[in-house]
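Take a look at the structure set out below.
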């Protein structure tokens, strides 16, 4: 049984004539009659009583028309609902955001996109980069804004776009002995009190590797990637903290200063999605929007 055959039966029942139904459907009368006959043979029961110039429904035909009308209404509604997804009037975007997204003004990407397509719904997940990439790999989210590296852009399953480039700096109290230096050498931190990025931070692995390469062991008094907490603790001269240059400049307190690191540790921000998801209209549209967005 085919959807089109149901439409033929409904048209014939409404017109009470195969020829009139065929004309309304822009078909030849023999073609429509043959399709209905095939359907009746498939069902094993006649749907119409054929008269010389008209047709009437059998009892089975009346039941068929009643059910077919309901089914076709649902099919039409389903088709309309699916069309809304294709024209971006419906759909859900599950997007991963960094904890620091607010400092980078990343949420405005969502709000600006929403103005263009108000029918799209959103599920936002705020986590660290490593967690967000794991969620993307497991298809829990559609896309993510993360702190990236060359390893991300090299993965064939990812569609990546670098949004901005940045680098890490040290933040400390102006009263700290290292505050007056134009550049902070990693060896200067040996034995010093520092604020270490949280274990889930993308920066944690990089800074640990630098400490290992220079054979130094600082004294970690706190592990956190909350930039405002880092700035507050540093301002009290409790320890040297680390932050991206852009965030440090936004949060800089009068009691603090920024000292560039002698070892440049880059901190690019990437937008990442899976190539396989680019067939989903909302994901494809949002990805194209992000690629051309002016940050």
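Each value in this text was obtained by applying a stated rule to the coordinates, not by laboratory testing. What you see is a predicted model; the values in this text were computed from it and never measured.
How far, in degrees from 0 to 90, does helix 202-213 lean away from the longest principal axis of the Cα atoms of the chain, to the nearest 10?
40
Tell me the angle of helix 281-291 to the major Cα principal axis of the chain, expressed in degrees between 0 and 90 and rounded to the nearest ten.
It works out to around 30 degrees.
Restricting attention to the alpha-carbon atoms of the chain, what are Rg (one decimal) and Dmax (integer), both in Å?
Over the chain's Cα set, Rg and Dmax evaluate to 32.4, 107 Å.
May I ask for the distance between the Cα centers of the stretch 63-83 and the stretch 7-59, given as a whole number of Å?
19
Calculate how many DSSP beta bridges within the chain are antiparallel, expressed in % of all such bridges and rounded to the nearest 5.
Close to 60 percent.
Of the candidates 89, 208, 59, which one comes out as most mobile in a Gaussian network treatment of the chain with C-alpha springs shorter than 10 Å?
Most flexible of the set in this elastic network: 59.
Please quote Rg/Rh for the stretch 1-50 to two decimal places, taking the Kirkwood radius as Rh and restricting both calculations to Cα atoms.
Using only Cα positions, Rg/Rh for the stretch 1-50 is 0.92.
To the nearest 500 deg cm²/dmol, what mean residue ellipticity at 222 nm is calculated for the chain from DSSP H runs of n ≥ 4 alone, each contributing -39,500 (n - 2.57), summed and divided by the residues?
-13000 deg cm²/dmol
Answer rounded, prolate or oblate for the stretch 168-260, using the Cα gyration tensor with square roots of eigenvalues a ≥ b ≥ c: rounded when a/c is under 1.5, else prolate when a/b is larger than b/c, else oblate.
oblate
Just 232, 34, 140 to compare: in a GNM of the chain, with alpha carbon springs under 10 Å, which one fluctuates most?
Judging by the Gaussian network model, the answer is 34.
Pick from 91, 128, 61: which residue has the top mean-square fluctuation in a GNM of the chain where Cα pairs under 10 Å get a spring?
Result: 61 has the largest fluctuation of those listed.
Give the share of C-alpha pairs in each 10 angstrom bin for the stretch 3-86, from 0 to the last occupied bin, in whole percents, shortest bins first.
Spelled out bin by bin, the stretch 3-86 gives 18, 48, 25, 8, 1 percent.
Quick one: angle between helix 59-86 and the longest Cα principal axis of the chain, in degrees between 0 and 90, rounded to 10, please.
30
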